[in-house]
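Asks: Please find one structure pasted underneath; my questions will follow.
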Amino acid sequence: MANNILVSGIEIEVKKKNIKNMHLSVLPPDGKVRISAPLRIKDEAIRLFAITKIGWIRKQITKFENQPRQTEREYIGGESHYVWGRRYRLEINYYNHGRNNVEIRGNRLILTVREVSSKEQREMLMTEWYRKLVKEKALELIGKWGKIIGVKAQSVQVRNMLTRWGSCNVRKVRICVNLQLAKKPVECLEYVVVHELVHLLEKGHNSIFVGYMDEYLPDWRIRKNILNGFIRDRYVK
Ligand SMILES: [Zn+2]
């Protein structure tokens, strides 16, 4: 069971489990705060526990905020870039007349740009390419899973979110997925899409929600772990 509490402006996820002691963690990649607590403990006790630890929590969050999200990219030839969980070697082509282009050939990711293009311009080109990739795949998955689950999302947005892999606006029937999913195995995007579509049936992360997930995507936990494992990997470097 999970619910969120707000302590000194910091959102903390509370998970009640069959454990003896409270456990506090600040999680990668963005410093999400979680308290695991024994089943019978009162919410007030959890809140007090969080207040006594607030200094430490803030320090941990700041650490995550100052940490680069991944190895800094320069967008020069030879760099590794990920697409759907696969690693590609970046190759830069220059043009004088023509247009910007991103293309996969074998295990090479070929960026065609003007020689004078800046790192920021190349990064933006890649970002928009990733966005298109995720949008197309997400639309396909929403179509497929919408039929299976029996819901219809009105639209999908792809955003570079810092704290979430996806979100669902139940009132506007709108789904949002994280642009960074383009770098993870496509099974991860599928998991996020199914998760958000199931929210159209059940808003909370309760047993009903988990029941739907188990029914529609029995291996969702594995996919979730892959997604989170990939995040951790980035921080090992
Ligand atoms: Zn959710």
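Computed from the coordinates by the stated procedures, all read-outs in this text should not be read as laboratory data. A quick note: this is a predicted structure, and the numbers were derived from the prediction, not measured.
Asks: May I ask you to list the lysines whose Cα is less than 18 Å away from that of Lys17, ignoring any residue fewer than eight positions away on the same chain?
Replies: Here the lysines satisfying the reach criterion relative to Lys17 are Lys42.
Asks: On to the next question. Going by alpha carbons, how many degrees (0 to 90, nearest 10) lie between the helix axis of 207-216 and the longest principal axis of the chain?
Replies: Helix 207-216 sits roughly 40 degrees off the main axis of the chain.
Asks: Which far-off residues, 5 or more places away or on another chain, put their amide H under 5 Å from the one on Gly77, with H placed in the peptide plane?
Replies: Correct list: Ile92.
Asks: Using a Gaussian network model on the chain with a 10 Å cutoff between Cα atoms, which of Leu141, Leu133, Leu48 fluctuates the most?
Replies: Residue with maximal mean-square fluctuation among Leu141, Leu133, Leu48: Leu48.
Asks: Would you mind checking the pairs Lys203/Lys224; Lys135/Lys172; Lys119/Lys183; Lys59/Lys224; Lys183/Lys203; Lys119/Lys172 and listing those with alpha carbons more than 25 angstrom apart?
Replies: Lys59/Lys224; Lys183/Lys203; Lys119/Lys172
Asks: What number, in percent, do you get for the relative contact order of the chain if the mean sequence gap of Cα pairs under 8 Å and at least 6 apart is divided by its residue count?
Replies: Across the chain, relative contact order equals 14 percent.
Asks: Working from Cα positions, state the angle (0 to 90°, nearest 10) between the long axis of helix 186-198 and the longest principal axis of the chain.
Replies: 50 degrees
Asks: What is the helix-to-structure angle for 220-236, meaning the angle in degrees between its Cα long axis and the longest Cα principal axis of the chain, kept from 0 to 90 and rounded to the nearest 10?
Replies: 70 degrees
Asks: Mind listing the long-range amide H neighbours of Gly85? Cut-off is under 5 Å, sequence gap 5 or more, other chains count too, H placed in the peptide plane at 1.01 Å from N.
Replies: When sequence neighbours closer than 5 places are left aside, the close amide H contacts are Lys184.
Asks: What number, in percent, do you get for the relative contact order of region 2-66 if the mean sequence gap of Cα pairs under 8 Å and at least 6 apart is divided by its residue count?
Replies: Contact order relative to length: 30 percent.
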